[in-house]
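Student: Take this structure first; my questions come after.
The values are calculated or read from the model by the stated rules, or taken from the named source; none is laboratory data. Keep in mind it's a predicted model, so treat the numbers as computed, not measured. Reconstructed Cβ throughout: ideal geometry from the backbone, glycine too, with neighbour counts over all protein chains shown.
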Amino acid sequence: MNKFNVWIVLLIVSVLFNGVLIGAHARLWLDAPPAPSAPQQLPPERPTFSLRAFMQALPEDRRADVRARFQAAGPELRELGRDAWRARERAYAALRAEPFDPAAASAATEAARAARARFEARSEAVILDSLAGMDAATRQQAIEATLSPRRLPPERRRERAGGEPG
C-alpha cells in the first residue's frame, strides 16, 4: 500500500466515523422524550376562601345585603389593610437590612403576621355576620361554591423549577 492509498483509507474511515456520530446525535435529538416511570401526582389543593366566588354563589337579593355589610365595614377594613401593608413593608425592610438583625426581623415578621390576622379576622366577621342571616340552603350553596378546591387551567398555572405546575 502506498502513501496515497493510506490517506484514502483514513479519509473513508473518518467519513464513516463522523456519519455514525452524526446519526447517533440525530437520533437523540429527534427521539421523543422518555415516558415518566410513574405518573406525576400533584398535591391536593387546599380549599381557600374566595370572596368573589362567595358573592357569585349568592342569590342577587343576598348579594346586595352582603355588599352593604362590606361597604359599612369598608373604612375599618381599609385601615386594617393599610396597617397590614405597612407592617409587611417594615418586615421586608428588616429582612433586607444590613447588618442583618435576626431579632428585629423576627419582631417585624411577627407584627406583619398579627396585622394580617387582624384584617382577616375583621373580614371574616363581616362574612359570618352575613351568613347568620341566611337560610341553610343558601348558606350551604355559598360555602360549597366558595371552598371547593379549584385548579387553574394549564395556561394560567405557574411552572416550578422542576417543570411541575405551581
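Student: Does S14 satisfy being surrounded by 10 or more Cβ atoms within 10 Å (Cβ to Cβ) and either modelled with pLDDT of 90 or more or within 19 Å of A142 (Cα to Cα) (or both)? First the steps, then the outcome.
Tutor: Values: surrounded by 10 or more Cβ atoms within 10 Å (Cβ to Cβ): yes; either modelled with pLDDT of 90 or more or within 19 Å of A142 (Cα to Cα) (or both): no.
Against the criterion (surrounded by 10 or more Cβ atoms within 10 Å (Cβ to Cβ) and either modelled with pLDDT of 90 or more or within 19 Å of A142 (Cα to Cα) (or both)), S14 does not qualify.
Student: Anything in segment 89-136 that is over 19 Å from E79 (Cβ atoms), under 25 Å from the mean Cα position of the chain (by Cα) and at pLDDT below 90? List them, or say none.
Tutor: Answer for segment 89-136, where residues must be over 19 Å from E79 (Cβ atoms), under 25 Å from the mean Cα position of the chain (by Cα) and at pLDDT below 90: there is none.
Student: Quick check on my filter: what residues within segment 93-117 are closer than 16 Å to L80 by Cβ and crowded, with 17+ Cβ neighbours inside 10 Å?
Tutor: Within segment 93-117, A111, A112, A115, R116 meet the criteria.
Student: Taking into account only those residues within segment 48-88 that are aromatic (F, W, Y) and farther than 13 Å from V126 by Cα, which is modelled with the lowest pLDDT?
Tutor: Here the residue is F49.
Student: Would you call L28 at pLDDT 80 or above and assigned to a helix (DSSP H, G or I)?
Tutor: no
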